Amino acid sequence: MRRILLCCAAVLACMATVGCWNRTELDELGITVANGFDRSGDDWEMTHQVIVPSASGASQGGGSAGGGSQPSVYVFTTKGKTIREAADRGYTENPRRLYFGHTDIIVIGKEVAERGIEQVLDLYFRNIDARETVLVAVTDGKASEIMRKMVPPEKIPGTALAEILRKQNSSSSYFPVVNVFQMAQKLVSDAQTVGVPEIIVTKGNAKALESLDVNKTTSPPVKMKVERLGVLHQNRLVGYLNRDESYGISWLTNQIKGSTISFSCSGAAAKTKNGTVRITSAKTKVTPVRAGEQHYNMRVETEASGDLLMEFMCEEDLSKPQSIKGIEKAVAEEIRNKIEMGWEASRSCGSTCPDSPIKFTAKIRKPGRS
């Protein structure tokens, strides 16, 4: 009987202790939507872009209570000998616990990228709050400057930057996007190389159109855009690819999700492009073929299909099959040129990438029909 009573008492004690004893209330969290990483000598600088709930709620709800003209995000920078120390020092000026579960993008400054990003990756894989699906971008300057710029007309700059990367990837495919997990995978692969979009701050129009409010203009004095593709080899930034070269890499690595290609009409000069085709689907297959003891040929086969847009100023009669074949040939040649441009650019990345014995041959196996 004594044993039964002891068991009942233990069960009652366990039931009494059940509950959310380690819970964190929502109003105690500082939801971080973007993070920037910089170096200042031997110190780390970490910039946080934290949502201001009262301002965001007012702007979305259309009311004026609690929000007014208050910014939707709060940006601050902390410094420390390590990234973790820099993050912890944020509590000296931020009343909420930083929560990284909703971070959309991280921006890596030039000095961090050139000195090595392994500590940044290690932080994201160790932190239980951070997600590995966060998009990554680099900048040719300070990441803190990117964190402090707005992206009209959006209210939350970090989310807007992530959407810029996603939209350009799905609509134009000029710059392949990469998240933390994909970056780590590529850096530990045989190539140990990954391409990361670069975000820059550019000056706006010299003479911006004025709105009815004399204190506001319709064009911001500065704006942010995706400019180049940063190339990281063995955890360090080694160079950049321009838009055309990065576009060729997208074709070569089978990352074309949607794009637009301009081509020359039959009999027109090469620089005169009066036709446009919208690529709706594309597939690239790369096969290494041995050619001798120390050389390989990379056979690249690309299939693409698309639709002619309204911008078609050529004189070809589209009701004739030979005209369609001519357009397919012109589009295929443009794709081939982009692929070869990307391949050549990827091989000339400095002393970190010595001349490869691999030779390149491209073949457009089945051009897309318009």
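The values are calculated or read from the model by the stated rules, or taken from the named source; none is laboratory data. Bear in mind that the values here come from a model prediction, so they are computed numbers and not experimental data. Positions of Cβ are generated from backbone atoms using ideal geometry, with glycine treated the same way; all protein chains shown enter the neighbour counts. SASA here: full protein model, heavy atoms, side chains in, ligands and nucleic acids out. Shrake-Rupley method; radii C 1.70, N 1.55, O 1.52, S 1.80 Å.
Quick look at the numbers
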quantity	calculated
Added length on full extension, which subtracts the Cα-Cα distance from 0.36 nm per residue, Lys320 to Arg290	6.6 nm
Radius 12 Å from Cβ of Phe181, net charge of other residues (Lys, Arg +1; Asp, Glu -1)	+1
Value of relative contact order over region 100-186, rounded to a whole percent, pairs C-alpha under 8 Å and six or more apart	35 percent
Placed amide H near Gly30: partners under 5 Å, 5+ positions off or other chain	Arg97, Leu98, Tyr99
In Å, descending, principal axis extents of the Cα set of region 138-203	41, 28, 20
Accessible heavy-atom area order of Arg243, Arg278, highest first, probe of 1.4 Å	Arg243, Arg278
Subset of Lys225/Lys273; Lys167/Lys273; Lys79/Lys338; Lys223/Lys338; Lys155/Lys285 violating a 32 Å alpha-carbon distance limit	Lys79/Lys338; Lys155/Lys285
Other-chain or far-sequence residues with amide H under 5 Å of Tyr240's (modelled H)	Val231
Projected label distance in nm at Glu163 and Asn127, using a 7 Å step from Cα toward the beta-carbon	2.3 nm
Which of Thr284, Thr272 is most accessible, then next, and so on - probe 1.4 Å	Thr272, Thr284
Label zone at Arg115 (point 7 Å along Cα-to-Cβ), backbone N below 17 Å, region 79-101	79-87
Nearest-10 value in Å² for the accessible area of Asp42, using the 1.4 Å probe	120 Å²
From phi via Karplus (6.51, -1.76, 1.60), per-residue ³J(HN,Hα) for region 121-132 in Hz, x at Gly/Pro	5, 4, 4, 6, 7, 8, 6, 6, 7, 6, 9, 7
Coarse-grained scattering of region 109-163 at q = 0.15, 0.28, 0.29 Å⁻¹, given as base-10 log I(q)/I(0) from a Debye sum over alpha-carbon atoms	-0.54, -1.15, -1.16
Under-5 Å amide H pairs with Asp43, H placed in peptide plane, nonlocal only	none
Å³ per residue enclosed by the Cα convex hull of region 263-339	118 Å³
